[in-house]
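Structure first, commentary second.
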Amino acid sequence: MAPTVAIIGAGFGGLCMGIGLRRAGMTGFTIFERAGGVGGTWRDNTYPGAACDVPSHLYSYSFEQRRDWSRRFPAQPELLSYLEDCADKYGLRRHLRLNTEVTAAEFDGRTGRWRVTTSDGERRTFDVVISGVGQLNRPRLPDIPGLADFRGRSFHSARWDHGHDLTGRRVAVIGNGSSAAQIIPRVARLTKHLDVYQRTASWVIPKADGVYGERRRLAFRYVPFLRAAERERVFRFLEGVIYPALVDGWSRNLVLKRAREHLGSQVPDPELRAKLTPDYPIGCKRIVIDSDFYPALTRPDVELVTEPITRIVPGGIETAGGRVREVDTIIFATGFHTNDLLAPIEITGRDGHPLREAWRDGAEAYLGIAVPRFPNLFLLYGPNTNLGHNSIIYMIESQVWYIMGCLRLLASRGPMEVRQPAMESWRRALEAALARTAWQASCHSWYKNEAGKIVNNWPRPAAAYRRITRAPRPDAYRFG
């Protein structure tokens, strides 16, 4: 008998898992989504310029290749439309519970099943729980004194206030990562004055974006081989050129040279260029891919502020030295709570063991998918499965196929739990691989927790992850 499954989240991961179950003829599953629609990060992030930095033909499901992408790097509306189309095509709407947040999940050792509690107080029982909440779902606001006293409007980039017109305003953007790089050029066209607050400079390389012409779109539409070839070409480039740059490989200096040339060609002012030059190895923090960011910072009505913020006052922002810059709008492009995976959901495993206790030193999971003492709990986009060089959709598909293999095993053998020795062996291999990456350098990044442990990133090629997750090894688990 097929197990019943609770899927948490209706983004790329949760939908892919639902599609996998449907394609296998399994219909006993529910997808819980706290928001009012599917899409995950591509539903939440509607800020001006929101777009992907992985080409469209690779940032999509391998089994559901869209034939009519409008451009090389898809923007948020097109990605959301793609996910909504997938939900419709594969019959997932009937399995969705929208506006329903999972608040807790507890494993019952007597029955071998999970009790799932939702925000409306309902409790339901499932054989399996699969998390699809990902790593970038809870916006992070910096702890700056005085924010509550600010008289103007403030909001996070992932909760964009579309009712607030920025035209003619004095605006501050706090942050200069990937989201900020997309926001700043669009906002700068509207504002009277824009201050950009930078704590640490980012390495930036140009984005080879562009709209697909009519001939190319027709070719992609009617010649499947061309779509497959484009996907393979992009994949091989990212694996063969960008990945080595993150592990001190042959292309490290090549990518660094490209970043320096990009900065030099777009920022002629030596003083501004110096402020925008990072003091850490390329790849230690996420590399920003954008061609419009630097030109926006050179505008006369834009100021790059590198002095530390000391507090927010009712009419603006005060920096070290006491200077106050007046603003009426503050936009926080300050990222997400990336290290507390699955929070704030209360997950309780075998013998009443809380997941937050198991992860007190940093989140970790066998293959990024399974956790000792938590039978029949599987993670999509879990610890150490984020990529700095390739498409996370490729990783998610690998995880879904692996979990489908686990479901077949537990259907015949009962609840399955990864063994501690398998977890420890995985940890040693992971730590050895991470030690060879640029992320181990001393820069601050969202890849690490406060203790410096890298909890987010996968340190090897994406193809290597696909190989080791091709099928579950029964000897890595205990059953019953």
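Bear in mind these aren't lab numbers, they're just calculated from the coordinates by the rules spelled out. Keep in mind the model is a prediction, meaning the values are calculated, not measured. Ideal geometry is used to build each Cβ from the backbone, glycine not excepted, and the neighbour counts take in all protein chains shown.
For the stretch 222-369, the dipole from Cβ point charges (+1 on Lys and Arg, -1 on Asp and Glu) about the Cα centre works out to 520 debye, to the nearest 20.
Where a ≥ b ≥ c are the square roots of the eigenvalues of the C-alpha gyration tensor, would you call the stretch 289-437 rounded, which needs a/c under 1.5, or, failing that, prolate if a/b is larger than b/c, or oblate?
Prolate, since a/c reaches 1.5 and a/b exceeds b/c.
Principal-axis analysis of the Cα atoms of the chain puts helix 252-266 at an angle of about 40° to the longest axis.
What is the stretch 1-157 by shape, rounded, prolate or oblate, if you read a ≥ b ≥ c off the alpha carbon gyration tensor as root eigenvalues and call it rounded for a/c under 1.5, prolate for a/b larger than b/c, and oblate otherwise? In terms of gyration-tensor shape, oblate. Rounded to the nearest 10 degrees, the inclination of helix 420-434 to the longest alpha-carbon principal axis of the chain is 30 degrees.
Pairs of lysines in the chain whose Cα atoms sit within less than 25 Å of one another amount to 10, provided the residues are eight or more positions apart or on different chains.
Pairwise alpha-carbon distances in the chain exceed 42 Å for 18% of all pairs.
Between P474, G382, N457, the Cα set farthest toward the positive side of the dipole of the stretch 379-480 (charges on each charged residue's Cβ, about the Cα centre) is that of P474. Shown for the chain: cysteine residues without a partner Cβ closer than 4.7 Å, namely C16, C52, C86, C406. For the stretch 231-356, the relative contact order works out to 11 percent when only alpha carbon pairs closer than 8 Å and six or more residues apart are counted.
Spin-label model, D301/V211: points 7 Å from Cα along the beta carbon direction are separated by 2.5 nm.
The S291 and L409 beta-carbon pair, evaluated with R₀ = 51 Å, returns a calculated FRET efficiency of approximately 0.60. Applying a DSSP loop filter and a limit of 13 other Cβ atoms within 10 Å to the trypsin sites (Lys or Arg not before Pro) in the stretch 353-405 leaves R360.
Computed from the C-beta positions of D165 and R221, the FRET efficiency with R₀ = 45 Å rounds to 0.70. Only Lys, Arg, Asp and Glu carry charge here, each on its Cβ (+1 for the first two, -1 for the last two); on that basis the stretch 334-480 has a dipole of about 540 debye about its Cα centre. Over the chain, dividing the summed -39,500 (n - 2.57) contributions of all DSSP H runs of at least 4 residues by the number of residues returns a 222 nm mean residue ellipticity of -8500 deg cm²/dmol. Each of W359, Y280, I309 was placed along the dipole of the stretch 264-376 (beta-carbon charges, centred on the mean Cα), and the one lying farthest toward the positive end is W359.
In a Debye calculation with equal point scatterers on the alpha-carbon sites of the stretch 103-232 and no solvent, what is log10 I(q)/I(0) at q = 0.14, 0.20 Å⁻¹? The Debye formula, applied to the Cα set alone, gives -0.93, -1.16.
Please give the contour-minus-distance gain from E346 to E450: 0.36 nm per residue of separation, less the Cα-Cα distance, rounded to one decimal in nm.
On the way: separation 104, 0.36 × 104 = 37.44 nm, distance 2.15 nm.
Extra length from E346 to E450 when fully extended: 35.3 nm.
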